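Chemist: Pasting in a structure now, in structure tokens, and then I'll have a few things to ask.
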Amino acid sequence: MDSLTQIVLGAACGEIALGKKIGNKALLFGAIGGTIPDLDVFIGRWLYSNEIEAMAFHRGFMHSFLFAILGSFLFGWITHKIYNWGKRKDSTTVKDWIWLFFLSIFTHPLLDCFTPYGTQLFAPFWDYRVAFNNISVADPLYTVPFLLCLIVMMFFKRTRTRRTWWLKAGIYISSAYMIFTIINKFYIDSVFKESFKKANISYQRFSAQPTILNNILWYAVAETKTQYHLAFYSLLDKSATSEKVITVDKNHDLIDMSDKNLKTLAWFSNHYYNLSKKEKVGTYKYVDLRYPMLNPEDPSTSVFNFTIFFENGKWDILPFDGSPPNKEDFSKFVERIKGI
């Protein structure tokens, strides 16, 4: 999930492991531990000059259970050496720090598994990306109550029972919301299955996920032999099914996808992608159709798309430009959440 959420969860893990011994400092170290796996974004760009290879490195080995085990021993030992001196000497043990870093590092990829992005939890033994698709990569209803509980908790001394109470409150509330999103996922899957059946679409497979920042508006992509069928459904819709399905062609034959980097890109998208030519000769638009359009009525507003090109003997992509979303498209997105 997003960085703030991982910091909050990591801080809670720090409190569980060492809060009674070192108080609020445990939150800081836990937050650091919860951030460590996402450093693969920067390490990937340092290791690879190719954007496709760097992107594939993210949520790879540094998000695996093996890294959590190895990393907890490494960072636990280093932190204990740094912390254990002067007045703090013998106030904590190496075991305490290993436990703190294991909890904060391992819960990071576990949480990521619930999002649509996918996490290589079993790397390097298996490149399967675990993705349950039940919660957005950023969802305030999961993060904000959890964060508020930890902020309140910080004002109580480490020996106070109320401190533990607020920690548990944050964990219970966020966990209850996560359970709701899982139940919601099962319900939404049934809605989309019925929607595609009603539209006479005989699909090979489909994938559904919540749209960004909420668990109300959902998006699905269904695959047939030559096309993808895209649909949205809001929990606030009056109808029991999605009434509008948008169809796009795959166009997979525009490029020879047997190239190593293009195979990696297709794997990254779980093979839900379509291609189209761009104005500049030799460049193509690659759209990862696992992710929804910003404007539910316009396939060209798909959020996760790249310009791909061949250079220096390799296929590569242009990085995201970070430009803000179109206001009109965003307005239509908000309106669609409200239901039709």
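The values are calculated or read from the model by the stated rules, or taken from the named source; none is laboratory data. Note that the structure is a prediction, hence the values are computed from the model and not measured. Glycine also receives a Cβ, built like all others from the backbone with ideal geometry; neighbour counts cover every protein chain displayed. Accessible surface is based on the protein model in full, side chains and every heavy atom, while ligands, DNA and RNA are left aside. Shrake-Rupley method; radii C 1.70, N 1.55, O 1.52, S 1.80 Å.
Chemist: Which of the following residues is at pLDDT below 95, open to solvent by 10 Å² or more (accessible area, probe 1.4 Å) and among the hydroxyl-bearing types (Ser, Thr, Tyr): Thr283, Thr226?
Modeler: After applying the criteria, what remains is Thr283.
Chemist: Scan region 253-270 for residues that are in contact (Cβ under 8 Å) with a residue 12 or more places away in the chain, open to solvent by 30 Å² or more (accessible area, probe 1.4 Å) and over 26 Å from Thr115 (Cα atoms) and jot them down.
Modeler: Leu254, Asp259
Chemist: Could you tell me which numbered condition Tyr219 fails, if it satisfies all but one of (1) in contact with a Pro (Cβ under 7 Å, 6 or more places away or on another chain); (2) more than 27 Å from Phe304 (Cβ to Cβ); (3) aromatic (Phe, Trp, Tyr)?
Modeler: (2)
Chemist: Another question about this same structure. With the requirement that a residue be in a helix (DSSP H, G or I) and among the polar types (S, T, N, Q), what does region 313-340 give you?
Modeler: Within region 313-340, Ser331 is the sole residue that qualifies.
Chemist: Would you tally the residues in region 157-168 being open to solvent by 50 Å² or more (accessible area, probe 1.4 Å) and either among the β-branched types (Val, Ile, Thr) or in a loop (DSSP other than H, G, I, E, B) (or both)?
Modeler: The number of residues fulfilling the criteria is 5.
Chemist: Of all residues in region 130-155, how many are surrounded by fewer than 21 Cβ atoms within 10 Å (Cβ to Cβ) and either in contact with a Phe, Trp or Tyr (Cβ under 7 Å, 6 or more places away or on another chain) or charged (D, E, K, R) (or both)?
Modeler: 5
Chemist: Right, something else. How do the pairs read when you match residues in region 212-241 that are under 20 Å from Val334 (Cβ atoms) and of a type in the set (Val, Ile, Thr) with residues anywhere that are outside any loop (DSSP other than H, G, I, E, B) and open to solvent by less than 10 Å² (accessible area, probe 1.4 Å), using Cβ under 6 Å and keeping only pairs 6 or more apart or on different chains?
Modeler: Ile216/Ser234
Chemist: Scan region 133-171 for residues that are of a type outside the set (A, V, I, L, M) and under 23 Å from Ser3 (Cβ atoms) and report the count. Can you show your working first?
Modeler: Within region 133-171, the subset of a type outside the set (A, V, I, L, M) is 133-134, 136, 139-140, 142-143, 145-146, 149, 155-166, 168, 170.
Adding the requirement that they be under 23 Å from Ser3 (Cβ atoms) leaves 133-134, 136, 139-140, 142-143, 145-146, 149, 166, 170.
Total meeting the criteria: 12.
Chemist: With the structure loaded, tell me whether Ile105 is farther than 20 Å from Ser3 by Cα and not in a loop (DSSP other than H, G, I, E, B) or whether it fails that test.
Modeler: So Ile105 does not fit the description; no.
Conditions (1) assigned to a loop (DSSP other than H, G, I, E, B); (2) closer than 20 Å to Met178 by Cβ, marked per residue:
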residue	(1), (2)
Thr115	yes, yes
Tyr128	yes, no
Asn134	yes, yes
Val137	yes, yes
Tyr142	no, yes
Pro145	no, yes
Leu148	no, yes
Val152	no, no
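Chemist: If you check every pair at least six apart or on different chains, which have Cβ atoms under 7 Å apart with a residue in region 294-321 that is within 14 Å of Tyr273 (Cα to Cα) first and a residue that is of a type outside the set (Phe, Trp, Tyr) and open to solvent by 40 Å² or more (accessible area, probe 1.4 Å) second?
Modeler: Asn305/Lys285; Phe306/Leu318; Thr307/Lys278; Thr307/Lys285; Thr307/Leu318
Chemist: Across region 245-270, what is the total count of residues that are in a loop (DSSP other than H, G, I, E, B) and farther than 18 Å from Gln209 by Cβ?
Modeler: Summing the residues that are in a loop (DSSP other than H, G, I, E, B) and farther than 18 Å from Gln209 by Cβ in region 245-270 gives 7.
Chemist: Here's something else I'd like to know. Counting just the residues of region 165-181 that are of a type in the set (Val, Ile, Thr) and in contact (Cβ under 8 Å) with a residue 60 or more places away in the chain, which one comes out farthest from Leu141 (Cα to Cα)?
Modeler: Ile171
Chemist: Going through region 189-215 one residue at a time, which ones are touching a Lys or Arg at 6+ places or on another chain (Cβ under 8 Å) and either open to solvent by 70 Å² or more (accessible area, probe 1.4 Å) or over 12 Å from Tyr233 (Cα atoms) (or both)?
Modeler: Gln204, Phe206, Ser207
Chemist: I'd like the residue in region 300-321 that is in contact with a Phe, Trp or Tyr (Cβ under 6 Å, 6 or more places away or on another chain) and of a type in the set (Phe, Trp, Tyr) and, out of all such residues, is nearest to Arg290 (Cα to Cα).
Modeler: Per the criteria, the residue is Phe304.
Chemist: When residues of region 296-312 are filtered for being in a strand (DSSP E or B) and either open to solvent by 40 Å² or more (accessible area, probe 1.4 Å) or under 25 Å from Gln209 (Cα atoms) (or both), how many remain?
Modeler: So the count comes out to 6.
Chemist: Still on this model: Got a sec? Which helices (runs of 4 or more DSSP H) wholly within region 4-90 have at least 3 residues that are open to solvent by 80 Å² or more (accessible area, probe 1.4 Å) and free of Cβ contacts under 8 Å to residues at least 60 places away in the same chain? Quick ask: steps written out before the conclusion?
Modeler: On the way: elements: 25-35, 40-47, 51-57, 65-83.
In region 4-90, the matching helices (runs of 4 or more DSSP H) lie at 40-47, 65-83.
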